[in-house]
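First the structure, in the form of C-alpha cells, and then the observations on it.
The values are calculated or read from the model by the stated rules, or taken from the named source; none is laboratory data. As the structure is a prediction and not an experimental result, all values here were calculated from the model. FYI the Cβ positions are ideal-geometry reconstructions off the backbone, even for glycines, and counts take in every protein chain you see. Just the protein is used for accessible areas: all its heavy atoms, side chains included, with ligands, DNA and RNA removed. Shrake-Rupley method; radii C 1.70, N 1.55, O 1.52, S 1.80 Å.
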Amino acid sequence: MAENTYFQKALANFTAEFAYVGAVKHLHDLGMPPEKIREQLSYPVSLEKIQQVIRDYEKEKANPEAAVDFVRDTDSFGRKSFRMVRKDGNTQNI
C-alpha cells in the first residue's frame, strides 16, 4: 500500500512541476506577489500551493548546497564520468 502512495505523490509532483512550478518560480523572481501570479497562470492552482512553491523555492535559494545538477562527461577514450555541479559554479567529481 505504501508503494501506491509513493507513486501517487511522485506523479503529483511531476505533474505540478510540468504544469506550474517553473512559472511560479519565474514570476516570483520578477517580483510578483502570489495573488498576481495566480491571475497570470492558465492552469488552475490554489493560492496555498503557490505560496508553498515560493516557500520551498526561497529555502532552495538560501541553501545553495541543495541546488545541484549532475553532468555526464566523456573523455577522449570514451569513458563516462559524472560531475556534481552546484548552482554557484563549484564542481565536484563523483
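For segment 36-46, the criterion of a residue being at pLDDT below 95, open to solvent by less than 90 Å² (accessible area, probe 1.4 Å), closer than 26 Å to Ala12 by Cβ and more than 18 Å from the chain's Cα centre (by Cα) is satisfied by at least one position. Beta carbons closer than 7 Å, at least 6 apart along the sequence or on distinct chains, pair a first residue in segment 46-72 that is farther than 19 Å from Ala16 by Cβ with a second that is modelled with pLDDT of 80 or more and loosely packed, with under 10 Cβ neighbours inside 10 Å for Arg72/Lys80.
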